[in-house]
1. Applying a 10 Å radius around every beta-carbon, put 202-211, 4-13, 125-134 in order of their mean neighbour count, most first.
2. Divide, for the stretch 185-306, the radius of gyration over alpha carbons by 2.2 N^0.38 Å, where N is the residue count.
3. Can you give the Rg to Rh ratio for the stretch 96-162, taking only C-alpha atoms and Rh from Kirkwood?
4. When you count, for each residue, the other Cβ atoms within 10 Å and take the mean per peptide, how do 106-116, 135-145, 280-290 rank with the highest first?
5. Quick one: putting +1 on the C-beta of Lys and Arg, -1 on the C-beta of Asp and Glu, what dipole do you get for the stretch 81-122 around its Cα centre, in Debye to the nearest 20?
6. Starting from the Kirkwood radius over alpha-carbon pairs of the stretch 67-217, derive D by Stokes-Einstein at 37 °C in a medium of 0.692 mPa s and give it in µm² s⁻¹.
7. Would you mind telling me the share, in percent, of accessible area of the chain contributed by carbon and sulfur at probe 1.4 angstrom?
8. Can you give the calculated 222 nm mean residue ellipticity of the chain, where each DSSP H run of n ≥ 4 adds -39,500 (n - 2.57) and the sum is split over every residue, rounded to the nearest 500 deg cm²/dmol?
Amino acid sequence: MDLVDTLRNKIQALGDEECVPGLKAVLLHIETAFQHLSRGQENGEDTAFTDSIYRTNQAFEGSIKEAYRVLANKDPGRKNPYEIENYLEKNSVFKPRVLSQLTTYRTEWRNPSTHDYKLNFDESEAFLAIVSVSAFSCLLLDQITERVAYNMAQAKAERELQAAIESISAARAAGLLEWVTELCLHFLPHSEVDMRSGPARRQAQFIGGLSGYMATAAPELAIQLSPTFVRTGSDFLIAHGDDLVVVETKSRYDSETLRWALTRLQTVLRAHKGITKGLIILGMDGDMRQLRLPSFVPGADIILLIPADARVPQELMTHSSQGSLL
């Protein structure tokens, strides 16, 4: 994997957002850090490795500032790095994986190089610093993308809510699963997902957009991203009081992806007795239709959203709650 290309693509996907010039500066610092590393490797200039880490420090602090701009919706111009980091940590702004990378880079590279002016770094340390700050920036960009999509969808929901209010109200009266499904059906035709991008980027755009839409259209709903009971970031949980719906999403539809999603959902519902409702969304934009699936877990209620022209294998539509999905 080319880390620089990965970062560049993530930044380009943000278009003309206010944070983009600062993120491009972060990318330039990382590119220059790689150049210093190459100079040290090729010419035997040991000081080049320390120069490389000074550049990764700049990339680290630039990433923090742009995160503060987007995730906290505050201007970083008059804040020093300590104040920004302190705010982001105390207010639990970062997701756990992002926070872990922040702590690693700050502890192992930024703080030692800042506070000990006599310190010199070798080739291995410079390489690890570049990889560390690049990983941090990549994860942070996914969270920034999610928030940008959230903000865009929230604004869109405010414009469209009145036109959809009657059907949403009727679905709400039918129950939480129907309510969430109706909200998704209204959101999906306008979902701002770049289907040419990678899975993680599409997922961040979709979940951020859907969260922003629901925050406006149904602010009483609570959305928990990456719930602790799943091992991947592809699921989320929607709650209204004690009523819960677990949601599984994938960017494309085919029969194998459907089987995989059903198996995942079956595992969650069987392991957590308090959750009896599930929604599967296969496809992240365009016209969709909904199907109610047979209950493959006793007492469970499952709705499937798929592209309007997609076909579901007959055996899945007639599946017994006691049978195997596979």
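The values are calculated or read from the model by the stated rules, or taken from the named source; none is laboratory data. Predicted, not measured: the structure shown is a model, and the values here were computed from it. Glycine gets a Cβ as well: all are built from the backbone with ideal geometry, and neighbour counts include every protein chain shown. Accessible surface areas use protein heavy atoms only, side chains included; no ligands, DNA or RNA. Shrake-Rupley method; radii C 1.70, N 1.55, O 1.52, S 1.80 Å.
1. My ranking of the peptides, most packed first, is 202-211, 125-134, 4-13.
2. Output field value: 1.00.
3. Ratio of gyration radius to Kirkwood radius: 1.28.
4. Packing proxy ranking, top to bottom: 135-145, 280-290, 106-116.
5. For this selection, approximately 160 debye.
6. Working: Rh = 18.0 Å.
Translational D for this selection: 182 µm²/s.
7. 49
8. So the calculated ellipticity at 222 nm is -19500 deg cm²/dmol.
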